[in-house]
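Structure first, commentary second.
The values are calculated or read from the model by the stated rules, or taken from the named source; none is laboratory data. Because the structure is a prediction, the values reported are computed rather than measured. Cβ placement follows ideal geometry from the backbone for every residue including glycine, while neighbour counts extend to all protein chains displayed. All accessible areas refer to the heavy atoms of the entire protein, side chains included, with ligands and DNA or RNA removed. Shrake-Rupley method; radii C 1.70, N 1.55, O 1.52, S 1.80 Å.
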Amino acid sequence: QEQLVESGGGSVQAGGSLRLSCAASGYRYSSYCMGWFRQTPGKERVGVASIDSYNNIRYADSVKGRFTISQDNAKNTLYLQMNSLKPEDTGMYYCAADPNLAACYYKDYGWFGYWGRGTQVTVSS
């Protein structure tokens, strides 16, 4: 069973930066998708960025040019570098993973079988 542990959340002012980390443990599939999702109270969980085992990367339009997703295979860690943060970026950020590569193409939360517990990001105006 794959386990995901997130860290790096916090409170920043608009224009600031944060780097989220997601440490993965357990069985590692040769093919996989990992992604970051954001959720605020009363709203659906939306995909922010994803990366697969072939280093194909996708971003939500709202974060293109500001966020960068990456992975360190030696550390089994997923990252999300968030720059030029805006108040609308505020929310609980979840790390997710699934051995099905389709998850990275559709970016819907229903495609991911493994989830972290979330890390809070708050951006003040």
Exercise. Which value, in Å² rounded to 10, gives the accessible area of Tyr29 with a 1.4 Å probe and all protein chains present?
Worked result: 90
Exercise. Roughly how much of Glu88 is accessible, in Å² to the nearest 10, using a 1.4 Å probe?
Worked result: 120
Seminar exercise, completed: In deg cm²/dmol, rounded to the nearest 500, the helical mean residue ellipticity at 222 nm of the chain, built from -39500 (n - 2.57) for every DSSP H run of length 4 or more, is -1000 deg cm²/dmol
Exercise. Using a basic spin-label model with each label point 7 Å from the Cα along Cα→Cβ, how many nm lie between Gln120 and Asp61?
Worked result: 3.1
Exercise. Using the beta-carbon distance between Gln39 and Asn73 and R0 = 25 Å, what value does 1/(1 + (r/R0)^6) give for FRET efficiency, to the nearest 0.05?
Worked result: 0.35
Seminar exercise, completed: Contact order relative to length for the chain, counting C-alpha pairs under 8 Å separated by 6 or more residues, stands in percent at 36
Problem set entry | Accessible surface, 1.4 Å probe, highest first, among residues Trp115, Trp36 | Trp115, Trp36
For this session: Run the accessible area of segment 19-114 with a 1.4 Å probe and give the carbon-and-sulfur part as a rounded percent.
Result: 47
Seminar exercise, completed: For the chain, the charge dipole (Cβ of Lys, Arg +1; Cβ of Asp, Glu -1; about the Cα centre) points to a positive end, and the Cα of Ser70, Gly118, Ser11 closest to that extreme belongs to Ser11
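Keeping every protein chain present and rolling a 1.4 Å probe, give me the accessible area per residue for the chain in Å².
With all protein chains present, the chain gives 52 Å² per residue.
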Exercise. Each label point is 7 Å from the Cα along the Cα-to-Cβ direction; what then is the distance between the points at Glu88 and Gln3, in nm?
Worked result: 3.8
For this session: Whenever you get a sec, line up Tyr105, Tyr79 from highest to lowest accessible area (probe 1.4 Å, protein heavy atoms).
Result: Tyr105, Tyr79
